[in-house]
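The values are calculated or read from the model by the stated rules, or taken from the named source; none is laboratory data. Quick caveat, the model's predicted, so the values are computed rather than measured. No Cβ is skipped: glycine too gets one built from the backbone with ideal geometry, and neighbour counts run over all protein chains shown. The protein model used for the area step is the full one, side chains on, heavy atoms only, and it has no ligands, DNA or RNA in it. Shrake-Rupley method; radii C 1.70, N 1.55, O 1.52, S 1.80 Å.
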Amino acid sequence: MKKAIIIPAALLSLPAFAAVRTLLTPNKRSEYTAPEADDYALRLAKKLSAMVRYETVSHANTDESEKFLGFHKVLEELFPLVHEKLEKTVIDGNLLYHWKGTGDGAPILLMSHQDVVPAEGEWEHEPFSGDIADGKVWGRGTSDTKCSVMAFFQAVEELLKQGYTPKCDVYLASSCTEEWAGDGAPKIVKELQRRGVELFLVCDEGGGIISEPIGGVKGNFAMVGVFEKGKGDVKFTARSTGGHASAPAKNTPIARLAAFVNDIETHNYFRREFPPEVAAMFNRLSAYASFPLKLVMGNLWLFAPVLKPVLGRISAQAGAMLQTTMAFTMQSGSDACNVLPQEATVCANMRFIPHQGEKESLEIVRRLAQKHGLEMDVLHSNDYTPSVDINGEAFKQVEEVISETFPGLPVSPYVMTGATDAQFYQPVCKSCIRFAPVIYGPEQMKGMHGLNENIEYNCLPGAVSFYKNLIIAQEKR
């Protein structure tokens, strides 16, 4: 006779408790939309257009400082008071401005990069046209991230015109090597260290005002990046004596590489966990979701084990916030179809999560490479950055400024799965916030590093106001 399986009543009551808890949690709705574009928004659009028309594509390990010195002249024409009143330092094309404050409070730094990625393919509007059409500014760099550069320069320009002087020192920074993780930002940081500067807050790109950040969570949300995953570029090599393809031996280089790639792609060797910042994000966003999603997102204490394995299938972006990722990006073999390669390679890009960082993740992959008879070379690697304290003073100040500037806009912490220049500022700042105060809808997200990059210019006045309010907010500290 089979024994009956007895499930404790307490376990049966947990889903019921979560359901009641969810039903009792008030539903919320994101209320913020950018106002209709007016003459002021168009004037800002024209400034951004002028910046986009000057091509600032950067190339890895190439000295292009002369190009960026030309771009600096555009900035001088667009923002004359900034260049008249602030102390400007140029370091190999990278920019640092110092606005001296009246007090001795901890300074802040506003930053975003000058350089852009190449623009390939056929565009609706030429990539460096800066066309203004259909309520948008078009071209490479409009959303990534000359919009932010324009906005904080304009914010300071307007404050100077009003005769305003900040209480604390304010720095503006812009590197010309961000798109390839070059040495521009580190050079600026080195200069700040030479001056003995310790920053209260850095505000860089990274997050933004995202439309529907998770499928089923409707509306605009201020997604504030609080840390970045680490990054590694890794090369795997398989060797043999080569030979004619008409008589192949087993386990040729490409076959071994293919088996290795398939092993990684079909097994999950990296642990999935909810970092505290991601758990906080889900909790904050849950109130804006429909009941089934609200139930799961708002009760991770119960549903995390169910959600962790499937989240990546629902959203690759959300899934990447839970684990180290590995994407294969480049490969090489022989130069002819009938020749077995003596050497074949495949390269991968890895992003390291805090609970399984650079060292542990690379060691897991190294063991797998050895299992398949491959050599492994780490071309570049850096670990994740420390997280901003989401209960700390700096995050709360940014949160308050967002609420003041964009009424009805919900705020949530966010994990950067990509990389920004903010990663280099940790030695001079413990609170490196990643937030570009512009709206990124699906079209803008698709255009970043892709075709037809654009920004809707009705959101530009709000971006300028955000930076002005962030500067003025230092007076309250």
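For this structure, a couple of remarks:
- Surface analysis of segment 176-283 yields an accessible area of 41 Å² per residue, using protein heavy atoms and a 1.4 Å probe.
- Note that segment 167-218 carries a Kirkwood radius of 13.9 Å, evaluated over its alpha carbons pair by pair.
- Net +/- balance of residues flanking Ser211 in space, Cβ distance below 10 Å, scoring K and R +1, D and E -1: -1
- Estimated FRET transfer efficiency (Leu69, Thr25; beta-carbon r; R0 51 Å; 0.05): 0.40
- In Hz, Karplus ³J(HN,Hα) per residue of segment 158-174 (6.51, -1.76, 1.60; θ = phi - 60°; x = Gly, Pro): 5, 5, 5, 4, 7, x, 7, 10, x, 6, 9, 5, 10, 10, 10, 9, 7
- Distance from segment 170-226 to segment 12-85 (C-alpha centre basis), Å: 11 Å
- Protein accessible area in the chain, 1.4 Å probe - carbon and sulfur %: 54 percent
- In this view, the solvent-accessible surface of His449, computed with a 1.4 Å probe and all protein chains in place, comes to about 110 Å².
- The order of Asp383, Asp115 by accessible area, most exposed first and with a 1.4 Å probe, is Asp383, Asp115.
- Relative contact order, whole percent, for segment 54-118 stands at 40, derived from Cα pairs under 8 Å and 6 or more residues apart.
- Relative counts (whole %) of C-alpha pair distances in the chain, using bins that are 10 Å wide: 4, 18, 26, 24, 16, 8, 3, 1, 0, 0
- Projected label points at Ser332 and Arg239, each 7 Å from Cα along the beta carbon direction, are separated by 1.5 nanometres.
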